[in-house]
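Asks: Structure incoming, see below.
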């Protein structure tokens with residue numbers, strides 16, 4: 001089946017430092033899947049951070065970026081300068097786009113702690 | 001933004017009893033999902049539901065599990081009877097569309113923490 005592997009947390013960085021959370025995926029369907037980053041802030045539900053549905057494209061939101069790389073089957077999340085408010089758990093996910101199976105598969109989540 | 005509400009947020013139940021977890025999805029959404037997350041582990045897909053029917057279910061969706069959305073009201077997950085290994089946080093999600101290049105975005109609730117004792 002499909003799988004998503006991401007950086008094991010917790011990841012601890014200081015405010016204004018750069019960040020990268022790795023995500024690689026394996027999809028069983030022939031067509032390229034849609035890729036997502038979701039985030040769960042403390043005390044809140046899971047919410048979409050960004051998504052890319054076309055291989056080769058980049059998505060961005062709230063200063064975060066991720067590029068859909070179909071050659072390396074990766075979708076790493078990056079931010080040039082993190083803030084304390086970015087402390088949260090980040091989930092990489094894929095959704096197939098063919099074969100009648102549209103079940104979203106999530107990674108294990110990466111906890112990010114940003115120190116002031 | 002759009003909200004998915006889950007009721008209850010927490011429940012403690014004796015093993016063997018029945019439990020119903022309720023989900024109020026985003027109002028115009030058509031696809032509904034349940035995920036299960038055991039403490040410290042990955043969030044795992046259980047089932048998705050559309051037009052009154054289960055579309056797909058995983059191996060985790062045991063015979064004791066059932067889902068329904070009667071008359072467009074709550075989307076429910078029922079476990080009968082419960083077992084100790086059912087202790088987890090259950091997340092409900094909904095989406096408007098699905099399929100190739102739809103970019104379907106799931107909207108999640110905050111989860112229902114179930115403890116079976």
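Asks: If you scan the stretch B:23-34, which residues turn out to be surrounded by fewer than 17 Cβ atoms within 10 Å (Cβ to Cβ) and at pLDDT 95 or above?
Replies: Within the stretch B:23-34, just B:24 meets the criteria.
Asks: Oh, and also: Give the number of residues within the stretch B:38-48 that are within 15 Å of residue B:108 (Cα to Cα) and more than 9 Å from chain A (Cβ to nearest Cβ). Before you say what the answer is, go through the steps one by one.
Replies: If we filter the stretch B:38-48 for residues that are within 15 Å of residue B:108 (Cα to Cα), which is where we start, we get B:43-48.
Pick out the ones that are also more than 9 Å from chain A (Cβ to nearest Cβ) and you get B:46-47.
Count: 2.
Asks: Among the residues of the stretch B:54-73, is any closer than 26 Å to residue A:111 by Cβ and in a strand (DSSP E or B)? Lay out the reasoning, then the answer.
Replies: Initial filter on the stretch B:54-73 (closer than 26 Å to residue A:111 by Cβ): B:58, B:60.
From what's left, in a strand (DSSP E or B): none.
No - not one qualifying residue is present in the stretch B:54-73.
Asks: Follow-up question, since we're still on this one. Output the residues belonging to the stretch A:55-74 that are assigned to a loop (DSSP other than H, G, I, E, B) and in contact (Cβ under 8 Å) with a residue 12 or more places away in the chain.
Replies: Result: A:55, A:56, A:62, A:63, A:68, A:70, A:72, A:73.
Residue-by-condition table, conditions (1) surrounded by 17 or more Cβ atoms within 10 Å (Cβ to Cβ); (2) touching a residue at least 24 places away in the same chain (Cβ under 8 Å):
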{"residue": "B:36", "(1), (2)": "yes, yes"}
{"residue": "B:41", "(1), (2)": "no, no"}
{"residue": "B:45", "(1), (2)": "yes, no"}
{"residue": "B:51", "(1), (2)": "no, no"}
{"residue": "B:58", "(1), (2)": "no, no"}
{"residue": "B:70", "(1), (2)": "no, no"}
{"residue": "B:79", "(1), (2)": "yes, yes"}
{"residue": "B:84", "(1), (2)": "no, yes"}
{"residue": "B:92", "(1), (2)": "yes, yes"}
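This table checks each residue for (1) touching a strand residue (DSSP E or B) at 6+ places or on another chain (Cβ under 6 Å); (2) part of a strand (DSSP E or B); (3) at pLDDT below 95.
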residue	(1), (2), (3)
A:44	no, no, yes
A:51	yes, yes, yes
A:81	no, no, no
A:89	yes, yes, no
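Asks: Please go through the stretch A:94-116 and pick out each residue that is more than 8 Å from chain B (Cβ to nearest Cβ), crowded, with 18+ Cβ neighbours inside 10 Å and assigned to a strand (DSSP E or B).
Replies: Answer for the stretch A:94-116, where residues must be more than 8 Å from chain B (Cβ to nearest Cβ), crowded, with 18+ Cβ neighbours inside 10 Å and assigned to a strand (DSSP E or B): A:94, A:110, A:112, A:114.
Asks: Being under 19 Å from residue A:107 (Cβ atoms) and either more than 14 Å from chain B (Cβ to nearest Cβ) or surrounded by fewer than 19 Cβ atoms within 10 Å (Cβ to Cβ) (or both) is the filter here; which residues of the stretch A:45-57 pass it?
Replies: A:47, A:48, A:55
Asks: Run down A:72, A:12, A:67 and say which single residue is more than 20 Å from residue B:35 (Cβ to Cβ), under 12 Å from the mean Cα position of the chain (by Cα) and either more than 11 Å from chain B (Cβ to nearest Cβ) or crowded, with 21+ Cβ neighbours inside 10 Å (or both).
Replies: Answer to the check: A:67.
Asks: Quick one: in the stretch B:96-110, of everything that is crowded, with 22+ Cβ neighbours inside 10 Å and modelled with pLDDT of 90 or more, which residue is nearest to the other protein chains (Cβ to nearest Cβ)?
Replies: Looking at residues that are crowded, with 22+ Cβ neighbours inside 10 Å and modelled with pLDDT of 90 or more, I get B:108.
Asks: Quick one: is residue B:82 more than 14 Å from every other protein chain (Cβ to nearest Cβ), in contact with a strand residue (DSSP E or B) (Cβ under 7 Å, 6 or more places away or on another chain), assigned to a loop (DSSP other than H, G, I, E, B) and over 30 Å from residue A:30 (Cβ atoms)?
Replies: Considered against the rule, which asks whether it is more than 14 Å from every other protein chain (Cβ to nearest Cβ), in contact with a strand residue (DSSP E or B) (Cβ under 7 Å, 6 or more places away or on another chain), assigned to a loop (DSSP other than H, G, I, E, B) and over 30 Å from residue A:30 (Cβ atoms), residue B:82 comes out as yes.
Asks: Quick check on the stretch A:18-42: of everything there that is under 22 Å from residue B:43 (Cα atoms) and assigned to a loop (DSSP other than H, G, I, E, B), which residue is farthest from the other protein chains (Cβ to nearest Cβ)?
Replies: Among residues in the stretch A:18-42 that are under 22 Å from residue B:43 (Cα atoms) and assigned to a loop (DSSP other than H, G, I, E, B), the one farthest from the other protein chains (Cβ to nearest Cβ) is A:22.
The values are calculated or read from the model by the stated rules, or taken from the named source; none is laboratory data. Computed from a predicted model, the values in this text were never measured in an experiment. Counting neighbours? That spans all protein chains shown, and the Cβs are built from the backbone with ideal geometry, glycine included.
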